[in-house]
Amino acid sequence: MTNVYEECPLFENNKYLLRYVRNEDCKDLLKVYSDEKSVPLFNSDNCEGDDFYYTTYERMEKAIEYWHFEYDRKGFVRWSIVDQTNNSVIGTIELFHRKANDYFTECGLLRLDLRSDYEKETEIESILSLIIKQAYDIFNCDKVATKAKSNALERVDALEKMGFRSTTEKLKGHDGTEYDSYYVIKK
């Protein structure tokens with residue numbers, strides 16, 4: 001398997017393409033990150049106060065720049081989710097191998113940010129099915145964890161249908177803050 005930080009793989013099915021985030025995705029991603037229905041569902045745990053609500057093109061550009069910085073330093077990978085029926089970017093997936101002093105150490109931690117009109121069980125399943133099985137090898141882990149808040153009903157349904165299970169384990173942040181609402185799937 002190629003090192004994900006040397007060559008970022010593409011994943012696709014008949015509807016979606018996951019590819020490394022690009023600067024030219026900014027306009028479409030601004031629609032995602034300024035979507036007031038979507039932002040409350042995003043996982044901003046351990047992100048130093050960033051809530052991912054971006055309302056200007058310049059702020060979205062800075063976020064993409066930061067995602068590139070993190071990729072270059074091997075912090076995480078951020079893929080753009082492209083709806084191939086209309087060639088528009090409708091969200092992002094972030095994934096990384098997490099090392100910590102809690103239950104979530106040595107796991108692939110996944111963040112899924114979607115525009116609200118794609119926050120549907122079938123769409124989430126279609127998107128996540130592209131990357132979950134590959135994540136174990138790419139990120140050298142035996143489990144993948146993602147957050148789904150209780151108000152994200154479609155997301156919770158999709159995760160459970162895919163085999164994710166809710167855990168009472170808390171993810172411990174850099175500053176000791178504990179975060180809940182995580183779902184885990186094991187290899």
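Per residue of the chain, the DSSP helices (runs of n ≥ 4 H) give a summed -39500 (n - 2.57) that works out to -7500 deg cm²/dmol at 222 nm. Let a ≥ b ≥ c be the square roots of the eigenvalues of the Cα gyration tensor of the chain; is it rounded (a/c under 1.5), or, if not, prolate (a/b larger than b/c) or oblate? In terms of gyration-tensor shape, rounded. Listed peptides 71-77, 158-164 appear in the order 158-164, 71-77 once ranked by packing, highest mean of other Cβ atoms within 10 Å at the front. When you count the other C-beta atoms within 10 angstrom of each residue and take the mean per peptide, 25-31, 147-153 line up highest first as 25-31, 147-153. Taking 14 Å as the straight-line reach from the Cα of Lys172, the aspartates and glutamates in range (excluding those fewer than 8 positions away in the same chain) are Asp45, Glu48, Asp102, Glu106, Asp180. Amide H contacts of Ser34 (H built 1.01 Å from N, in plane; Pro and chain starts excluded): Tyr54 sit under 5 Å, all sequence-distant by 5 or more or on other chains. The GluC sites (Glu not before Pro) found in the range 72-124 that occupy coil by DSSP, while having at most 14 further C-beta atoms within 10 Å, are Glu106. Label-to-label distance, Cys47 versus Asn87, with points set 7 angstrom from Cα along the beta-carbon direction: 2.9 nm.
Among the listed pairs Lys15/Lys99; Lys149/Lys186; Lys62/Lys120; Lys31/Lys187, those with a Cα-Cα distance over 30 Å are Lys15/Lys99; Lys31/Lys187.
For the range 1-69, the list of GluC sites (Glu not before Pro) that fall in a loop by DSSP and count at most 11 other C-beta atoms within 10 angstrom reads Glu6, Glu7, Glu36, Glu48. Computed over the alpha-carbon atoms, the range 134-187 gives an Rg to Rh ratio of 1.00, Rh here being the Kirkwood radius from the mean inverse distance. For Phe69 and Gln134, the FRET efficiency from 1/(1 + (r/R0)^6), where r spans their Cβ atoms and R0 equals 22 Å, is about 0.35.
Taking amide H positions as modeled 1.01 Å from N, with prolines and chain starts lacking one, the residues under 5 Å from Asn43 and 5 or more places away or on another chain are Leu112.
Bear in mind these aren't lab numbers, they're just calculated from the coordinates by the rules spelled out. Predicted model only: the values in this text are computed from it and were never measured. When we count neighbours, we look across all protein chains shown, and the Cβ atoms used for this are built from the backbone with ideal geometry, even at glycine.
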